[in-house]
Amino acid sequence: MIDALALAGIVGSLAVAVWAFLLCARDELPSRSLYVGMTVVAALVAVQVGIATVRLIGGSGPSEGNRIVTFVGYMLTALLLPPAGAVLARLEPTRWGSALIGAAMVIVPVLILRMQQVWGG
Amino acid sequence: MDSRRPTNKGPGLILLCVYGLFALAAGARASVQIATKFSEAPLAYLLSALAAVVYLVATVGMARSTTTSRRVAVASCSFELAGVLIVGTASLIDKDAFPDATVWSTYGVGYGFVPLVLPILGLLWLRFSRPTAKSAEVA
C-alpha cells in the first residue's frame, strides 16, 4: 500500500460521489465526464492494487493466512466495484444511475481504508 | 395505471446493489472466520453466515421483482430487521455470548449501522414499488 495513492483514491472517489449526487439532485443521468471521473478513480485503485499485489508476493504487508485472504478480498472488491457500478448505471439512464455511481464511489473509500487497516495490521 | 416503479428499477437498483455487496461482505467474513477460527465463537460465525444467506435471498428477491420474489424479499428484510434488533440487543446485554463481532452486533456498528438501515429501506421500497410487468401486459 502507498499512502499517498490511497489518499488520492479516497479524495478522488469522494469528489466523484459528490458530483454524482449533484447530478441526481438535478434530475440528470450520468454524464460522459462523470464516467471519465469514475474511470480515473478506477485507474488509481488499479495502480494501488497492482503495487500491493507485487509487494504482497514480495513478503510485505499481512503475513497470517486469514489476513492475506481478507486483504485480497477487499482488493478484488475495490477493483471490481467501479466497473460493475458503471455497467449497472448504463442500465439505468435516469437520475438513479447517477445516484448508483455516487453510492459506488462512497463505498470505494471504505474499501481503501479497510485495505490500509488490514495491510498495517 | 400504476405509477409506482418496478422493484428492480430506479432507487431499487441501488438498494439491491448494496444488498448484494452486503451478502458478499457478510459471506466472505463468515467464510474466513469459519475456516480459520470456528471454535472461538461458533454462534457469532454461524449468525454471520446466516445473515449472508438472508442478504443474498433478499437481493435475488428484489432483482427478480415478481409477485412471489417480492414476498420472499419482504420476508428476508423482516428477518434481517428482527435479526439486527435481537442480536444487537443481545450483544449489548450478554457480551460473553458474542466473543467476536457479527454483522449484526451492536446494531451493525462495525458497518456504519448500514445493517440496521438497510432492511428498513428495503421494506419501505418494497411497499412503494411494484412487480415488474410481464411483457404481455406492457404490449
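Note on A:A84/A:V11: beta-carbon distance plugged into 1/(1 + (r/R0)^6) with R0 of 25 Å gives a FRET efficiency of 0.70. Averaged over the residues of peptide B:8-17, the number of Cβ atoms from other protein chains lying within 10 Å of each residue's Cβ is 6. Using only Cα atoms and rounding to the nearest 10 degrees, what angle (0 to 90) does helix B:42-64 make with the longest principal axis of chain B? That helix lies at roughly 10 degrees to the long axis. Angle of helix B:114-128 to the longest C-alpha principal axis of chain B, folded into 0 to 90 degrees and rounded to 10: 20°. Sorting the Cα pairs of the protein assembly as shown by distance into bins of 10 Å, from 0 upward, gives 7, 27, 32, 24, 8, 1, 0 percent per bin. Roughly how tilted is helix A:32-57, in degrees to the nearest 10 and between 0 and 90, from the longest Cα axis of chain A? Taking the Cα atoms of chain A, the angle to A:32-57 is about 10 degrees. Relative contact order, whole percent, for chain A stands at 44, derived from Cα pairs under 8 Å and 6 or more residues apart. Were the residues from B:T67 through B:A97 laid out at 0.36 nm apart, the gain over their Cα-Cα distance would be 6.9 nm.
Evaluated over the Cα positions of chain B, the convex hull gives a direction-averaged projected area, one quarter of its surface, of 8.4 nm². Relative contact order (percent) for chain B, with alpha-carbon contacts under 8 angstrom and 6 or more residues of separation? Reported as a whole number, the value is 30 percent. Comparing B:A35, B:A52, B:A101 in a Gaussian network model of chain B, where Cα atoms under 10 Å apart are tied by springs, the biggest mean-square fluctuation is seen for B:A35. Dividing the summed -39500 (n - 2.57) terms of all DSSP H runs of n ≥ 4 by the residue count of the protein assembly as shown sets its mean residue ellipticity at 222 nm at -26500 deg cm²/dmol.
Taking only the C-alpha atoms of chain A, Rg followed by Dmax gives 15.1, 49 Å.
The range A:1-66 and the range A:74-98 have Cα centres separated by 13 Å. Summary: within chain B, the longest segment free of trypsin sites (Lys or Arg not before Pro) located in DSSP loops with at most 13 other C-beta atoms within 10 Å is B:5-133.
Bear in mind these aren't lab numbers, they're just calculated from the coordinates by the rules spelled out. Bear in mind the structure is a predicted one, so any value in this text is a computation, not a measurement. In this analysis, Cβ positions are derived from the backbone assuming ideal geometry, glycine residues included, and neighbour counts consider all displayed protein chains.
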